[in-house]
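What follows is a short report on a single structure.
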Amino acid sequence: MAVSDNAEPVTADVMLAFYRRLYPFKSLFTWLNHEHAPTKLFTHREFAFTLQGDVYLRYNSFANADELKKQVCSLNPTRFEIGPVYSARPRDKKTVRPSAFTPQLRELVFDIDMTDYDALRTCCAGADVCRRCWGFVAAAVRVLDRALRDQFGYRHLLWVYSGRRGIHLWVSDREAMELTDEQRRALVGWLTVIQGGKEMHKKVNVRLGGKPLPPSLASAYKTLEPIFHSLVLADQNCFESEEGWDALLHLVPENAIVNDLREKWEDQPGRSSEDKWQDLEDAIAERARAKNVRGPSQAQLTAAKEDIVLQYTYPRLDAEVSKHRNHLLKAPFCVHPKTGRVCVPVDPRTVDKFDPRAVPTVQGLLRELDRLAVPPAGESGDKAAGEGGEKGVTEHHADWERTSLKSYVDLLDKHVMGLLEETRRMKQKMDLSW
């Protein structure tokens, strides 16, 4: 069953109850601030609100988590986004010189959207996503997470489900936050492998002829090759249809092999994707045994086969999201207005097991609270309110702890602990340097 737009409406009243009772403002504050006491990482941070009727309010900033919560509950936005840390408070933008208002720091962010895989997946299309096609996103997460950690040394990576059909990544290492726009473009260019529009068949061009893959991509290939077999061939069966196998043949640089396989597959339309891939491997092996044959070398054919694996499984990045410090990105734990699903953190170590269908919805979370609010039979409303509580009134500031949202907030808080420890070490190092 695919995750599609939810028929249960996300009303203004539902959102207000969510912000008042469930949104983890304190955890969000500490994540952005890297300390418990407010710093410029938070006070000079831009927040943008999308209100009912698509009214968009930019350049908001706040002194602390309570001030942010008060404004969010007052405006009751359908969602809000997080921008960079500026040289001045964003709310003072109109009172400072333009030259004195520039983005200074920003998490390095990435966006992977399932729609970029629509030409590959066979189980869903458009906004729909299920656990099967989530495998493309999971493969992208595994490769990108390892690349950023191993090649760039980043440690503080927070993956967040977009609430509908994709995933966002926030890299909070100080070195990443200090990257200029030019440096971000260079880094994203280094990580980008899939390039070209719908009219371009071959989208992987990372080497000349049959030369080996660069070491970074060779490592990614080792991760992706078994995923290609289990996801592209077995699960999605991408080459079952004529359109699918025709797209595959466009990536084979030897006309004789293409013609032979095309004839075979037209005569045997029932062959599975696994069978067709084996046919291609057998044809390449037979070509290697032949002597005095013109055309691509064995190395070039092997390289073409590796490039096919990368084209079907390597991360498809929305580069524009990552290139600019002033880009705004939806905050974690916002609610997607179409699905009602909460944008929850995802553990990259278990991303293969993540099921978009199991993500809490805002309506479901509020129903969990309603069930908890009903006192057991024979228990008075005064007792249910708790010690010191007013009659029929309960404390709401940490209600997420009593719902299925707790495990996801705990995941953010665990991530935040690493940032707090990093900040503590940096301060200790600075003190010792004196």
Item checked: helices (runs of 4 or more DSSP H) lying entirely in region 1-98 (those with 2 or more residues that are modelled with pLDDT of 95 or more, open to solvent by 10 Å² or more (accessible area, probe 1.4 Å) and under 23 Å from E178 (Cβ atoms)) -> 25-33, 40-43
Notebook entry, point to check: Could you say whether any residue in region 155-172 is surrounded by fewer than 19 Cβ atoms within 10 Å (Cβ to Cβ) and over 13 Å from the mean Cα position of the chain (by Cα)?
Noted result: yes
Notebook entry, point to check: Could you give every pair whose Cβ atoms fall below 6 Å, whose first residue belongs to region 59-70 and is basic (K, R), and whose second residue is assigned to a helix (DSSP H, G or I) and buried (at least 16 other Cβ atoms within 10 Å of the Cβ), counting only separations of at least 6 or pairs across chains?
Noted result: K69/F25
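Report, by residue number, each residue of region 126-145 that is open to solvent by 10 Å² or more (accessible area, probe 1.4 Å), over 21 Å from M417 (Cα atoms) and part of a helix (DSSP H, G or I).
Taking region 126-145 as the starting set, the residues that turn out to be open to solvent by 10 Å² or more (accessible area, probe 1.4 Å) are 126-128, 130-132, 135, 142-143, 145.
Then drop every residue that is not over 21 Å from M417 (Cα atoms), which leaves 126-128, 130-132, 135, 142-143.
Across region 126-145, the qualifying residues are G135, R142, V143.
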Check: Can you tell me which residues in region 113-125 are assigned to a loop (DSSP other than H, G, I, E, B) and touching a helix residue (DSSP H, G or I) at 6+ places or on another chain (Cβ under 7 Å)?
Finding: L120, R121
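Going by the structure shown, is K305 within 32 Å of the chain's Cα centre (by Cα), of a type in the set (K, R) and farther than 30 Å from R184 by Cβ? Give the steps one after another, and end with the answer.
On the way: within 32 Å of the chain's Cα centre (by Cα): yes; of a type in the set (K, R): yes; farther than 30 Å from R184 by Cβ: yes.
It is true that K305 is within 32 Å of the chain's Cα centre (by Cα), of a type in the set (K, R) and farther than 30 Å from R184 by Cβ.
The values are calculated or read from the model by the stated rules, or taken from the named source; none is laboratory data. Note that the structure is a prediction, hence the values are computed from the model and not measured. Cβ sites come from the backbone with ideal geometry, for glycine too, and all protein chains shown count toward neighbours. With ligands, DNA and RNA removed, areas are computed over all heavy atoms of the protein, side chains included. Shrake-Rupley method; radii C 1.70, N 1.55, O 1.52, S 1.80 Å.
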